[in-house]
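J.: What follows is a structure written as structure tokens; I'll ask about it next.
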Amino acid sequence: MTAARRGLLAALLILLAGPGAWAHESRPAYLEITETAPGRYDLLWRTPLLSGMRLPVGLKLPDGARNVTDPSRRELADSLVERRVIEVAGGLAGKRIEFVGLQATITDVLVRAKLRDRDRAATLVHPSQPWIEIAAVRGPLTVAGGHLVAGVHHILLGVDHLLFVLGLLLIVKDRVMLVKTISAFTVAHSITLAIATLGYASVPAAPLNAAIALSILFLGPEIVRAWRGGTSLTIRHPWVVAFAFGLLHGFGFASGLVTMGLPGAEIPVALLMFNVGVEAGQLLFVFLILFLERAFRVLEVRWPRLVEALPAYTVGSLGAYWTIQRLAVLLGGR
């Protein structure tokens, strides 16, 4: 590990530590709209929970909408579900539903609408445009593109996943081993992403998030050992560790799809495009680090020794913090 890369990663870790308390919370909210009669709709509104706190996003229906039934709420382990029946004079077609507060989050909203005069349509609403016009009909290519973008968002906004990749970069010593390590991580999380999305296996959110934090904590001492010139199985064969923990992170990636409640016919395309998006985002992150490292080396940037040591201890410290935080949530829920 060169001094340039250690210094670069120190700067990146400082940036990543800012939103660290919300690490990995990029599971989408979900709105399902089913027209049961002209102008009458069943609504299901599901928002993710993090450490028992609801995502601060509210649903604003168009003018003229009224409740036929009062909202009924049910709290699940990882989300809050609200159901109600509404009537809208003239129907929802051409009208806008807003997601108040979405712009201040890193979470998307999956909207699935089934109107009486058209096929079921799915749309991803992003914080940059926190509203949807129900009249908009999206074709298959647009829907597939939405899942690809969702995959990119999930990896780039999942701070704990990025921190794990950074930890691997701190250990890897050459480009050949880097390719092997990133490839092993990719293959492993692709396997469990598919298994979980297809419904063959699942892991509860609380223990999964705690285990992901533990994987980051595990890398902390290994980074220090590598920095001091020591050796271990992780240092000699980082791809083995990347594969083992990649299986774990794959279940974390799957939460971005499983919580959408996709119909069976949409799962293959959604799984493929979401995984492509995750890989694209991961490669973009790695290439950005390598590009900046090369630029710093050409410019002969010199980092103080204290700064060079910062990444190793930051990875371990954040891993420990998240582990304690998530174990508290896990044990507190029992």
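The values are calculated or read from the model by the stated rules, or taken from the named source; none is laboratory data. None of the values given here were measured: they were computed from a predicted structure. Every residue, glycine among them, receives a Cβ derived from its backbone with ideal geometry; neighbour counts consider all protein chains shown. The accessibility values were calculated without ligands, DNA or RNA, using every heavy atom of the protein model including side chains. Shrake-Rupley method; radii C 1.70, N 1.55, O 1.52, S 1.80 Å.
J.: What is the dipole size for the chain, taken about its Cα centre, with +1 at each Lys and Arg Cβ and -1 at each Asp and Glu Cβ, in debye to the nearest 20?
T.: My answer is approximately 560 debye.
J.: While we're looking at this one, here's another question. Using the Karplus curve 6.51 cos²θ - 1.76 cosθ + 1.60 with θ = phi - 60°, work out ³J(HN,Hα) for each residue of region 292-304 in order, rounded to whole Hz, and write x for Gly and Pro.
T.: For region 292-304, the Karplus-derived couplings read 5, 4, 4, 5, 5, 5, 5, 7, 6, 6, 10, 9, x Hz, x marking Gly and Pro.
J.: If you don't mind, there's one more thing I want to ask. Relative to the Cα centre, what is the charge dipole magnitude of region 156-310, using +1 at the beta carbon of each Lys and Arg, -1 at the beta carbon of each Asp and Glu, and rounding to the nearest 20 debye?
T.: 580 debye
J.: Then there is this: What does the net charge come to around V68 if you take all other residues with beta carbon closer than 10 Å to its beta carbon, with K and R at +1 and D and E at -1?
T.: Every neighbour counted, the sum reads 0.
J.: Taking loop as defined by DSSP and a crowding limit of 13 other beta carbons within 10 Å, which trypsin sites (Lys or Arg not before Pro) in region 166-243 fit? Present the calculation step by step, with values, prior to reporting the outcome.
T.: Working: sites: K173, R175, K180, R225, R228, R236; in loops: K173, R228.
Here the trypsin sites (Lys or Arg not before Pro) that fit, given the DSSP loop and packing criteria, are K173, R228.
J.: Add -39500 (n - 2.57) for each DSSP H run of 4 or more in the chain, then divide by its residues: what number comes out at 222 nm, to the nearest 500 deg cm²/dmol?
T.: -18000 deg cm²/dmol
J.: Counting only protein chains, not ligands or nucleic acids, how are R74, R54 ordered by accessible area (probe 1.4 Å), most first?
T.: Working: R74 160, R54 95 Å².
Ranking R74, R54 by accessible area, largest first, yields R74, R54.
J.: Another question, if that's okay. Which trypsin sites (Lys or Arg not before Pro) from region 280-326 combine a DSSP loop assignment with at most 15 other Cβ atoms within 10 Å?
T.: Numbers: sites: R294, R297, R302, R305, R326; in loops: R302.
Sites meeting the loop and neighbour criteria: R302.
J.: Got a number for the accessible area of T105? Probe 1.4 Å, square angstrom, nearest 10.
T.: T105 has an accessible surface of roughly 30 Å² with all protein chains in place.
J.: Once both labels are modelled 7 Å past Cα along the beta-carbon direction, what's the A104-H237 spacing in nm?
T.: Going from the A104 label point to the H237 one covers 5.0 nm.
J.: With every protein chain left in place, what is the accessible area per residue of region 131-219 in square angstrom, probe 1.4 Å? All intermediate terms of the calculation are to be shown ahead of the outcome.
T.: Details: 3430 Å² over 89 residues.
I get 39 Å² per residue for region 131-219.
J.: From the residues H153, L330, L170, which one has its Cα farthest along the dipole of the chain in the positive direction, the dipole being from +1 and -1 charges on Cβ of Lys/Arg and Asp/Glu about the Cα centre?
T.: It is L170, whose Cα lies furthest towards the positive end.
J.: Among A65, A210, Y313, whose Cα projects farthest towards the positive end of the dipole of the chain, with charges put on the beta-carbon of Lys, Arg (+1) and Asp, Glu (-1)?
T.: Farthest towards the positive end: Y313.
J.: Karplus couplings for region 34-45 from phi (6.51 cos²θ - 1.76 cosθ + 1.60, θ = phi - 60°), rounded to Hz, Gly and Pro as x?
T.: For region 34-45, the Karplus curve yields 10, 7, 9, 7, x, x, 10, 9, 8, 10, 10, 10 Hz.
J.: Now for a separate question. Taking the highest mean first, how do the peptides 204-210, 108-114 order by number of other beta carbon atoms within 10 angstrom per residue?
T.: For the peptides 204-210, 108-114, the packing ranking is 108-114, 204-210.
J.: Continuing with the same structure: Taking 8 Å as the Cα distance limit and 6 or more residues as the minimum spacing, I'd like the relative contact order of the chain as a percentage.
T.: Rounded, it is 24 percent for the chain.
J.: Something else: What's the carbon and sulfur percent of the chain's accessible surface, probe 1.4 angstrom, rounded to a whole number?
T.: 64 percent
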